[in-house]
Amino acid sequence: MAHIDTILAQAGNGSDDEKSGAVSSPIYFSTAYRHPGLGRSTGFNYSRMIQPTRKILEDELAALEHGQRAFAVSSGMAAIDLLFSSFLKEGDNFIASDDLYGGSFRYFDDISTKSGLDYKLWDGRNFQKLADLINDKTRIVWLETPSNPTMKIIDLKRTAQVVHAANPQTILAVDNTFLSPIFQNPILDGADAVVHSATKYLGGHNDILAGALILKEDGPRAETVYQNLVTRGQVLDPFSSWLLIRSLKTLHLRMARHDKSGRFLAEALKKIPGVDKVLYPGVGGMISFYLNEKYDIDLFLRGLKIFSFAESLGGAESLITIPSVQTHQYMSEKRRNQLGITSNLVRVSVGLEDQQDLLDDLTQAVRGAAIK
C-alpha cells in the first residue's frame, strides 16, 4: 500500500482515464444514469444510492483510515446518526466516553429519551469499569480522543481489547476529527468504525459541511449501513464531494503546519500572564486553556486581531471558541463544570498563519483583558 502522502496527493487521479485522462477528477452532477438495457447497469442508477464523484471520495476515505468501506454524508452529526441508527434499536444500550463534543451529548440524550435507548458514560481510564458496563445488549462504545474540549487521551488499543473481550459483537467507534488519519489510525488500533466531521481538518478551509463514516470491514455491517443510508438519504452532494477530494490532497501538509504551530503555542501559552492552565494532547493543532478569573473573556475576544471568535475548527484560519456558550451550551452548567468546561475555558484551533503572529495576537488580547 502506498504511503498516505501519495494516497492524498493522487486522490481522484486516473478516475476518468477511459474517457478524458483528466488528472483532476471531474464532477458528476447527474442524478440519473442511463441503463444499456433491461436488467443492465453501468453501476450507477440514482445518485442517492451511488454517485461517481462521491464514490471516488469514499474510496479515498476508506484507504486513509485503513478501512474497507466508507460513506460520505452531509455533516459530522449525520455520520454519527448513520452509525447509531444503523445498529441500535429499542432495548439496546451503548457507552460513551464522558468528555465529548456537545452536539454528540445532545444527540445521545435525544435518542435515549425518544427511542428507549440506555447509555452510560465512561471516564476513559477505568478499564475494569468499562468491562463491567458492557453486556449482551451493548451495541456501540463511542470515544473521542483527544476529547473536545479538554483534550483527554484514551488508550485505543487497550479499549479495543476490553470491548471485544467483553462482547465481540460490540462496535468500537472513534471520532477521529481532531487528529485526522495523519496522526491517528483507530482501525489499526482495534476500532471497528471511525467517524469524522469532515467539515474540520479533512475539509480544512471552512467552506465544506460534510461527514464521514468508515468501517473496518466491507461485510454485513457495511451492507446494513448502506441500506440505512439509502433509506434516510443524508448523502453528500457532488460538489461538496469534489471539494473534499481537492482538500484532501494537501491534508498531510496542512496537518504538519497545524501540529508545528500547535506545539509552539501550547508551550508559549504557559508563559503568558493571565493563562492559568493549558490543555494540549501533545500533537495536532487543538489547544484549550483557562483564562484567569481576573481577566475578562469578552474583552479578550474583542481584542483579538488575527484569531476569529467562531464555532468551528481545523481550517486555514485560526479560530477561538468558548465551549460553555457555543459547542456545549445545551449542557447543564453542573454537567459542564463537572467536565471542566467552565466559563473561562478557551478552545483554540491553530490555523496556518505565522506562529509568532498568532502568539503575539493571543498575548496582546490576554493582556488587554485584565480587569482594571
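Restricting attention to region 234-279, the residues that are under 20 Å from Ser197 (Cα atoms), touching a helix residue (DSSP H, G or I) at 6+ places or on another chain (Cβ under 7 Å) and in a loop (DSSP other than H, G, I, E, B) add up to 3. Only one of the listed residues (Asp92, Asp123, Asp132) is touching a strand residue (DSSP E or B) at 6+ places or on another chain (Cβ under 9 Å), surrounded by fewer than 15 Cβ atoms within 10 Å (Cβ to Cβ) and either in the same structural domain as Lys157 (by TED's automatic domain parsing) or at pLDDT 95 or above (or both). That residue is Asp123. Between a first residue in region 290-307 that is in the same structural domain as Val346 (by TED's automatic domain parsing) and within 17 Å of Thr342 (Cα to Cα) and a second residue that is modelled with pLDDT under 95 and among the hydroxyl-bearing types (Ser, Thr, Tyr), which pairs have beta carbons less than 7 Å apart while being 6 or more apart in sequence or on different chains? Matching pairs, first to second residue: Ile297/Ser343. Can you go through Ser343, Ser324, Ser312 and tell me which one is outside the structural domain of Asn185 (by TED's automatic domain parsing), farther than 30 Å from Ile208 by Cβ and either touching a Cys at 6+ places or on another chain (Cβ under 6 Å) or among the polar types (S, T, N, Q) (or both)? That would be Ser343, the only listed residue that is outside the structural domain of Asn185 (by TED's automatic domain parsing), farther than 30 Å from Ile208 by Cβ and either touching a Cys at 6+ places or on another chain (Cβ under 6 Å) or among the polar types (S, T, N, Q) (or both).
Checked against the criterion of being crowded, with 20+ Cβ neighbours inside 10 Å, touching a residue at least 24 places away in the same chain (Cβ under 8 Å) and among the hydrophobic types (A, V, I, L, M, F, W, C), the candidates Ile56, Ile153 yield just one match: Ile56. Residues in region 174-190 that are among the hydrophobic types (A, V, I, L, M, F, W, C), touching a residue at least 40 places away in the same chain (Cβ under 8 Å) and buried (at least 24 other Cβ atoms within 10 Å of the Cβ) were compared, and the one that is nearest to Asp218 (Cα to Cα) is Ile187. Can you spot a residue in region 214-230 that is surrounded by fewer than 18 Cβ atoms within 10 Å (Cβ to Cβ) and of a type in the set (A, V, I, L, M, F, W, C)? Yes - at least one qualifying residue is present in region 214-230. Could you please tell me which pairs satisfy a Cβ distance under 6 Å, a separation of 6+ or placement on different chains, a first residue in region 230-252 that is over 14 Å from Ile208 (Cβ atoms), and a second residue that is in a strand (DSSP E or B) and among the β-branched types (Val, Ile, Thr)? Here the result reads Gln234/Val73, each pair linking region 230-252 to a residue that is in a strand (DSSP E or B) and among the β-branched types (Val, Ile, Thr).
The values are calculated or read from the model by the stated rules, or taken from the named source; none is laboratory data. Values in this document were obtained by computation on a predicted structure and should not be read as measured data. Ideal geometry is used to build each Cβ from the backbone, glycine not excepted, and the neighbour counts take in all protein chains shown.
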